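Only one structure is covered here, and it is reproduced in the block below.
The values are calculated or read from the model by the stated rules, or taken from the named source; none is laboratory data. In this text the structure is predicted, and so the values were computed from the model without any measurement. Neighbour counts are summed over all protein chains in view; Cβ atoms, including those assigned to glycine, are modelled from backbone coordinates with ideal geometry.
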């Protein structure tokens, strides 16, 4: 479901489908595995994601909470205008970095 | 009983489906095809998000992911308003809590709040197993009013 690419100072995870309730647990597991293996700076690239629901938001929040505890950082990049508005309406863009396409 | 069945009218549609998250995806897809045919003046993303929250709540909190229980989503398009009714076969749940804004660091509990945030009037029956959503066509979303 997700491509994972290691970079110099972070790891980039790119889901290849929408992040909704039916697959949010799968993404949560992938992110948990990255954190467990020592990654503290995670980038989630949403270039291929058109829909994100509250289950997906919950995965991002849980990931941010875990990384923050470990002194790390979550960045969410390449978000569509609609998903950017969702992050803004829920004010989650104030919790972690969200960058539009 | 099929796992997903669809009933169509000219300006109304209903979908019955088994309580799995995969069936939520299929039901939302069918409902969005109907919505596009009706040329409802909403941003498709907004409506799909609200449908996903409503149906996922019914499947997860109403029917507790019991595939033997059904969820029905009925949609009615009138001249200037969209009305959606979602009925599950559960005993009801604490829907009042679902409508409150959650803590910013809370991973869950945003479903009902999001439906309101996107401009829908959200009401449940007292038991909490029938959800009614409505939104006039000219109603802005909450975030656009501030």
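Of the strands (runs of 3 or more DSSP E) lying entirely inside segment B:1-117, not one is found with 1 or more residues being within 14 Å of chain A (Cβ to nearest Cβ), under 26 Å from residue A:88 (Cβ atoms) and within 12 Å of the chain's Cα centre (by Cα). For segment B:98-109, a residue qualifies if it is without any contact (Cβ under 8 Å) to a residue 40 or more places away in the chain and either in contact with a strand residue (DSSP E or B) (Cβ under 6 Å, 6 or more places away or on another chain) or closer than 16 Å to residue B:56 by Cα (or both), and the qualifying residues are B:99, B:107, B:108, B:109. From the list A:82, A:78, which residue is surrounded by 16 or more Cβ atoms within 10 Å (Cβ to Cβ) and within 11 Å of chain B (Cβ to nearest Cβ)? Exactly one residue qualifies, and that residue is A:82. Has segment A:50-73 got at least one residue that is within 30 Å of residue B:119 (Cα to Cα), more than 11 Å from every other protein chain (Cβ to nearest Cβ) and touching a strand residue (DSSP E or B) at 6+ places or on another chain (Cβ under 6 Å)? No, every residue in segment A:50-73 fails to be within 30 Å of residue B:119 (Cα to Cα), more than 11 Å from every other protein chain (Cβ to nearest Cβ) and touching a strand residue (DSSP E or B) at 6+ places or on another chain (Cβ under 6 Å). The single condition among (1) free of Cβ contacts under 8 Å to residues at least 40 places away in the same chain; (2) in contact with a strand residue (DSSP E or B) (Cβ under 6 Å, 6 or more places away or on another chain) that residue A:20 does not satisfy is (2). Residues that are crowded, with 18+ Cβ neighbours inside 10 Å, touching a helix residue (DSSP H, G or I) at 6+ places or on another chain (Cβ under 7 Å) and within 20 Å of residue B:51 (Cα to Cα) within segment A:6-48 comprise A:19, A:20, A:21, A:22, A:24, listed in sequence order. Considered as a group, the residues in segment A:85-101 that are crowded, with 17+ Cβ neighbours inside 10 Å and more than 9 Å from every other protein chain (Cβ to nearest Cβ) include one that is nearest to residue A:51 (Cα to Cα), and that residue is A:87.
If the condition is being away from every other protein chain (no Cβ under 14 Å), within 17 Å of the chain's Cα centre (by Cα) and at pLDDT below 90, then segment B:129-146 contributes only B:137. Residues considered: A:71, A:58. Of these, the only one that is over 9 Å from the mean Cα position of the chain (by Cα) and more than 30 Å from residue B:44 (Cβ to Cβ) is A:71.
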